[in-house]
Amino acid sequence: MNIAETVVDNGVNTEALLGARGAFADMPEAAAFTFRSTCDWVSGTQSSNEINGYFGLGQDHVRKDTFVITSDHPEVFAAADTAPTPPEIVLSALGSCLTGGVAAVAQHRGIQLRKVQAIIEGDIDVRGILGMDPEIRNGFKSVRVRFEIDADASAEDIRALVAQSQKRSAVFDLLTNPTNVHVDIA
């Protein structure tokens, strides 16, 4: 009996990712990466972040393009509302990280994706940000992610994709575990 092999293409090079795992196992020091962003104040509450360059594989790298992410605050806070707020950018980073992970895991497991959408919501009590109550934290008190996934897979397999993506997501880890952040003045 001939068994037809299903070709799956979710746009992820899992062979390269698995090769990187092997290389990092042999040379763990090469796995130490430092990502960078430079943020400049524009006006009011608007800022512009440029991302280009990182350290990894034992050396500095320059990206093909410089990426720009702007942020601002909404009009209800007497701001210009020219861009998403920093917390909204964090939510989009979480969605991007988890969605990219779903695609990578699906490719590795031979699951063809047709549609993946993450809807991310985060709840903040802005009285903390405004300094009205020191007992109210400034950040999210809760974040919810809901996926809508259409794939050649069972509901159980799709849940496993999401669980593995969550397990390996750098941004999920950042939001759910304490991270040392040092702020300095030059």
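Quick check for me: using +1 on Lys/Arg Cβ and -1 on Asp/Glu Cβ, what's the dipole size of the stretch 84-177 about its Cα centre, in debye to the nearest 20?
About 220 debye.
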Efficiency of FRET between ARG109 and ARG137 - r from beta-carbon atoms, R0 41 angstrom, step 0.05: 0.60
Of all chymotrypsin sites (Phe, Trp or Tyr not before Pro) in the stretch 1-93, the ones in DSSP coil with at most 14 other Cβ atoms within 10 Å are PHE33
Quick calc: nm separation of the 7 Å Cα→Cβ label points for ILE119 and PHE33 -> 3.1 nm
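How big, on average over all directions, is the shadow cast by the Cα convex hull of the chain, in nm²?
Spelled out: convex hull of the Cα atoms, projected over all directions, averaged, 15.3 nm².
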28 Å Cα-Cα reach of LYS167 towards lysines, excluding residues that sit fewer than 8 places from it in its own chain: LYS115, LYS141
Dividing the Cα convex hull volume of the stretch 84-177 by residue count, how many Å³ per residue is that? 94 Å³
Where trypsin sites (Lys or Arg not before Pro) fall in DSSP loop in the stretch 93-174, at most 12 other Cβ within 10 Å: ARG137, LYS141
Tell me which GluC sites (Glu not before Pro) from the stretch 132-181 have a DSSP coil assignment and no more than 11 other beta carbons within 10 Å of their own. GLU135
If I model a spin label at PHE77 and VAL181 as a point 7 Å from the Cα along the Cα→Cβ vector, what separation in nanometres do I get? 1.3 nm
What is the distance in Å between the Cα centroid of the stretch 1-65 and that of the stretch 131-186? 19 Å
Assuming R0 = 30 Å, can you tell me the calculated FRET efficiency for the pair GLU88 and HIS61, based on Cβ-Cβ distance, to the nearest 0.05? 0.60
Estimated [θ] at 222 nm from DSSP helical runs (n ≥ 4, -39500 (n - 2.57)) normalised by residues in the chain, nearest 500: -10500 deg cm²/dmol
Would you compute the Debye intensity of the stretch 27-73 from its alpha-carbon atoms alone, equal scatterers and no solvent, and pass along log10 I(q)/I(0) at q = 0.20 Å⁻¹ to two decimals? -0.69
Build a GNM of the chain with springs between Cα atoms under 10 Å: which of LEU174, LEU130, LEU161 gets the top mean-square fluctuation? LEU130
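How big is the stretch 98-145 by the Kirkwood estimate over distinct Cα pairs, in Å? Write out the running numbers ahead of the final one.
Numbers: mean 1/r = 0.0748 Å⁻¹.
It is 13.4 Å.
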Sorted from fewest to most neighbouring beta carbons within 10 Å, what does the list GLU29, GLU121 look like? GLU29, GLU121
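Readers should treat all values here as calculations from the given coordinates under stated rules, not as data from a laboratory. Just so you know, these numbers come straight off a predicted model, no measurement behind them. All Cβ positions, glycine included, derive from the backbone under ideal geometry; neighbour counts span all protein chains shown.
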